[in-house]
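One structure below.
The values are calculated or read from the model by the stated rules, or taken from the named source; none is laboratory data. On a predicted model such as this, the values are computed, not experimentally measured, just so you know. As a convention, Cβ positions derive from the backbone with ideal geometry for all residues, glycine included, and neighbour counts pool all protein chains shown.
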Amino acid sequence: MGRIVLLGANGQLGNDLAQVGRDHNLDLACLTHADIEIADPASVEQVLSSLEPEAILNTVACHGANQHTPAEQEAFFRVNGLGAWHLARFCRRHGCLLVHFSTDYVFGKERTRSRPYTEDDPPCPVNIYGASKVAGEQLVRTFCPKHYVIRIASAYGSAGCRAKGKSNFVKMVLGKALKGETLKVVNDQVMSPTWTRVAAEKTYELIDSGATFGLYHMAGRGDCTWYEFAREIVRIADLPARIEPTATPAEGPNEVFVRPRWTALTNCMLRQAGLSDLPHWRECLEQYIDTHERTDETKNAAPWSPIPS
Ligand SMILES: NC(=O)c1ccc[n+]([C@@H]2O[C@H](COP(=O)([O-])OP(=O)(O)OC[C@H]3O[C@@H](n4cnc5c(N)ncnc54)[C@H](OP(=O)(O)O)[C@@H]3O)[C@@H](O)[C@H]2O)c1
């Protein structure tokens, strides 16, 4: 593989893709928002053609809870939809591979399910973010023949998510548990937590394998609610914490920021391509906390014991 350009290199997933790429001695050009604006086709053309990439990894996203004003809503489609389209057309013109990251939030309309979503299930988003990511996926698949569209889910990684103030759910739970705060966590949203480091490693494996271009799920194996996830975080970190299960507040008919209730994924296409599945989310979480979140504070805290809720 020749030069790979990584977009969103200082983001949560971007940071791990950069690290793993360096570990493998890849020819990697790491770009941040300061280097390129993907919603601007002139910036895309000018910056990328000078780098002559053989592949582009697009981790860029407009996400977060700010979905209420018309300007915020447009930004989702400008970046997640049109931005992906500009990249797709660039890649088609220059014959390069586009690896475009998407999300489990392309699903969510069904409130309960008995089986995780596969790549064959039709998208059914419930909010602007999810809808804009569906648009981006479709534009990449329509306009760029050489593509991998990769859906990750409920991501956590050492860098933290830029759109969430360089934090993520794991860091948030650990921070509150260390302060002795009681956590109220929803127990009616089911998802498949994904460590970005593991997704980064699997992404390079997928590219290397020469697997058929197309849509791939890449989520931690298994599923849980956010409440179950939080309990596991404090158990592994051995922190005393009171965690109470709650229900997602009912949304009014005009609410834009609707939380999907059921978005667990299974990685069918990866397995069909002959690649190993991702490890179970619990195994990943254990390794992540041991590698990145064991501080003197967590080591010295009183041991975890289940607090009946
Ligand atoms: N985080 C999650 O829980 C989660 C879950 C499922 C799927 N995903 C998907 O995974 C991918 C990576 O997410 P992440 O957690 O790594 O996000 P992140 O930490 O917020 O990183 C996104 C990066 O994109 C950059 N960026 C934003 N707008 C840009 C633009 N218009 N042009 C160029 N760069 C821009 C950001 O830079 P600035 O901050 O400087 O603007 C940031 O470096 C995304 O496709 C996301 O949809 C994430």
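Quick rundown of the values:
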{"read-out": "Which numbered condition Ile56 fails, given (1) at pLDDT below 95; (2) buried (at least 17 other Cβ atoms within 10 Å of the Cβ); (3) not basic (Lys, Arg)", "value": "(1)"}
{"read-out": "Sole residue being at pLDDT 95 or above, over 16 Å from Leu13 (Cβ atoms) and not hydroxyl-bearing (Ser, Thr, Tyr), chosen from Gly160, Gly136, Gly108", "value": "Gly108"}
{"read-out": "Every residue from the stretch 177-188 that is in a helix (DSSP H, G or I) and either crowded, with 18+ Cβ neighbours inside 10 Å or β-branched (Val, Ile, Thr) (or both)", "value": "Ala177"}
{"read-out": "Residue within the stretch 93-106 that is within 16 Å of Ala39 (Cα to Cα) and more than 15 Å from the ligand (Cβ to nearest atom) present", "value": "no"}
{"read-out": "Residue selected from the stretch 132-169 under the condition more than 11 Å from the ligand (Cβ to nearest atom) and part of a strand (DSSP E or B), by the criterion nearest to the chain's Cα centre (by Cα)", "value": "Tyr148"}
{"read-out": "Filtered residue count, the stretch 179-202, keeping only those that are away from the ligand (no atom under 12 Å from the Cβ), hydrophobic (A, V, I, L, M, F, W, C) and closer than 20 Å to Tyr105 by Cα", "value": "4"}
{"read-out": "Verdict on Gly8 being near the ligand (Cβ under 10 Å from one of its atoms), small (Gly, Ala, Ser) and either closer than 21 Å to Gly157 by Cα or out of contact with any Lys or Arg (no Cβ under 7 Å at 6 or more places or on another chain) (or both)", "value": "yes"}
{"read-out": "Residue ID - nearest to the chain's Cα centre (by Cα), chosen from residues in the stretch 242-300 that are outside any loop (DSSP other than H, G, I, E, B), closer than 28 Å to Asp120 by Cβ and without any contact (Cβ under 8 Å) to a residue 60 or more places away in the chain", "value": "Glu283"}
{"read-out": "Failed item, numbered, when Glu37 is tested on (1) in contact (Cβ under 8 Å) with a residue 40 or more places away in the chain; (2) over 27 Å from Thr291 (Cα atoms)", "value": "(1)"}
{"read-out": "Test: residue in the stretch 108-127 that is free of Cβ contacts under 8 Å to residues at least 60 places away in the same chain, of a type in the set (Ser, Thr, Tyr), more than 13 Å from the ligand (Cβ to nearest atom) and over 21 Å from Cys268 (Cα atoms)", "value": "no"}
{"read-out": "Count - residues of the stretch 11-22 that are near the ligand (Cβ under 9 Å from one of its atoms) and out of contact with any Leu (no Cβ under 7 Å at 6 or more places or on another chain)", "value": "5"}
{"read-out": "Members of the stretch 26-56 that are within 14 Å of the ligand (Cβ to nearest atom), within 16 Å of His86 (Cα to Cα) and among the small types (Gly, Ala, Ser)", "value": "Ala39, Ala42, Ser43"}
{"read-out": "Complete set of residues in the stretch 59-73 that are surrounded by 19 or more Cβ atoms within 10 Å (Cβ to Cβ) and of a type in the set (A, V, I, L, M, F, W, C)", "value": "Val60, Ala61, Cys62"}
